[in-house]
Amino acid sequence: MLKITFLGHACFLLDDGTTKILTDPFLTGNSQAAARADQIEADYILVSHGHDDHVGDTEMIAKRTGAKVICPIELGGALFAPKGVEFLPGNIGGTARLPFGSVKMVTAIHGSGVPGALACGFVVRMGGKAVYFAGDTALTMEMMLLKDEKLDVALLPIGDVFTMGPDDAVRAVKMMEPALTIPMHFNTFPMVAQTGNEFAAKVEAAGFACKVLTPGESVEL
Ligand code: NI
Ligand code: MN
């Protein structure tokens, strides 16, 4: 079992009933946030890159909850080590085996916000499911490789301007063939305005399942 709750922008809570994993926890200052940084619980926090709308409240949540941050090594060295935040370093292509399952860092084509660091996406295996959290990324041929991961769900940005837009995200779905797609990184601010239901209709027209979650809404796999 895996419960996925959308908390707004690129922040999701993955919960298998034992372990809670938070992604890119931009809550404070996010008008769409469905949780508060001083109340959310987490065991791990995945940080895909160093932009403010992804690092967000990582430091505060990690220090309050004791959650371990998982991020590319150069990112952690630059952003988290100086603040005394414990992090589990990795890099693109590598898999960390952890008590709940595993976390693999995969390619994202995007600025990392930290010189010398790469942005990444994550393939998380927990609760018997495989989840791809794309972070911020362009459409890339690297996504062909994710088809072999037999994804149960793909969390994809559709906001355009800074990441893939809806049409490229549909092409990503066709490459990866996930059982379910959930869009993210849109409507948080005017530059990334999109209509989630239009994206869902395009994904479904291509023969794949899509669910648009409003912030605070969950899906159980
Ligand atoms: Ni970014
Ligand atoms: Mn972003």
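Quick one: net charge of His51's neighbours, Cβ under 12 Å, K/R +1, D/E -1? Numbers along the way, then the final one.
Working: positive: none; negative: Asp24, Asp52, Asp53, Asp136.
Taking every other residue near His51 into account, the sum is -4.
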Computed over region 77-189, Kirkwood Rh from alpha-carbon pairs, angstrom:
14.8
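Got a number for carbon plus sulfur as a percent of the chain's accessible area, 1.4 Å probe? Numbers along the way, then the final one.
Details: 4650 of 9000 Å².
Roughly 52 percent, rounded to a whole number.
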Excluding same-chain residues fewer than 8 positions from Lys20, which aspartates and glutamates have a Cα within less than 13 Å of its Cα?
Glu41, Asp43
At q = 0.09, 0.15, 0.20 1/Å the base-10 log of I(q)/I(0) from the Debye formula over the alpha-carbon atoms of region 1-127 is -0.21, -0.62, -1.15
Quickly rank 202-209, 161-168 as a protection proxy: mean count of other C-beta atoms within 10 Å, highest first.
161-168, 202-209
Nearest 5 is fine: what % of DSSP beta bridges in the chain come out antiparallel, could you say?
60
Looking at this model, which pairs from Lys68/Lys174; Lys3/Lys202; Lys68/Lys211; Lys3/Lys174; Lys83/Lys211; Lys83/Lys150 are more than 31 angstrom apart at the alpha-carbon?
Lys68/Lys174; Lys83/Lys211; Lys83/Lys150
Place a +1 charge on the Cβ of each Lys and Arg in region 91-213 and a -1 charge on the Cβ of each Asp and Glu, then give the dipole magnitude about the Cα centre in debye, rounded to the nearest 20.
400
Over region 1-140, average the accessible area per residue using a 1.4 Å probe and give it in Å², no decimals.
37
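Once the other residues with Cβ under 11 Å from the Cβ of Val106 are scored (Lys, Arg +1; Asp, Glu -1), what is the net sum? It would help to have the intermediate numbers written out before the result.
Numbers: positive: Lys104; negative: Glu142, Glu149.
After counting each charged neighbour, the total is -1.
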Met144 to Thr65: extension gain in nm, 0.36 nm per residue of separation minus the Cα-Cα distance?
24.8 nm
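Using only helices, what value at 222 nm comes out for the chain when you add -39,500 (n - 2.57) per DSSP H run of length 4 or more and divide by the total residues, to the nearest 500 deg cm²/dmol?
Numbers: 4 runs with 33 residues, N = 221.
The helix-only estimate for the chain comes to -4000 deg cm²/dmol at 222 nm.
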Restricted to region 59-150, the DSSP antiparallel beta bridge percent, nearest 5, is 80
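Given charges of +1 on the Cβ of Lys and Arg and -1 on the Cβ of Asp and Glu, with all other atoms neutral, how large is the dipole of the chain about its Cα centre, in debye to the nearest 20?
Working: 17 positive and 25 negative charges, 85 e Å.
Here the size comes out at about 400 debye.
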Report the normalised scattering of the chain as log10 I(q)/I(0) at q = 0.10 Å⁻¹, calculated by the Debye formula with identical scatterers on the alpha carbons.
-0.37
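The values are calculated or read from the model by the stated rules, or taken from the named source; none is laboratory data. All values reported here derive from a predicted model rather than from experimental measurement. Neighbour counts are summed over all protein chains in view; Cβ atoms, including those assigned to glycine, are modelled from backbone coordinates with ideal geometry. SASA here: full protein model, heavy atoms, side chains in, ligands and nucleic acids out. Shrake-Rupley method; radii C 1.70, N 1.55, O 1.52, S 1.80 Å.
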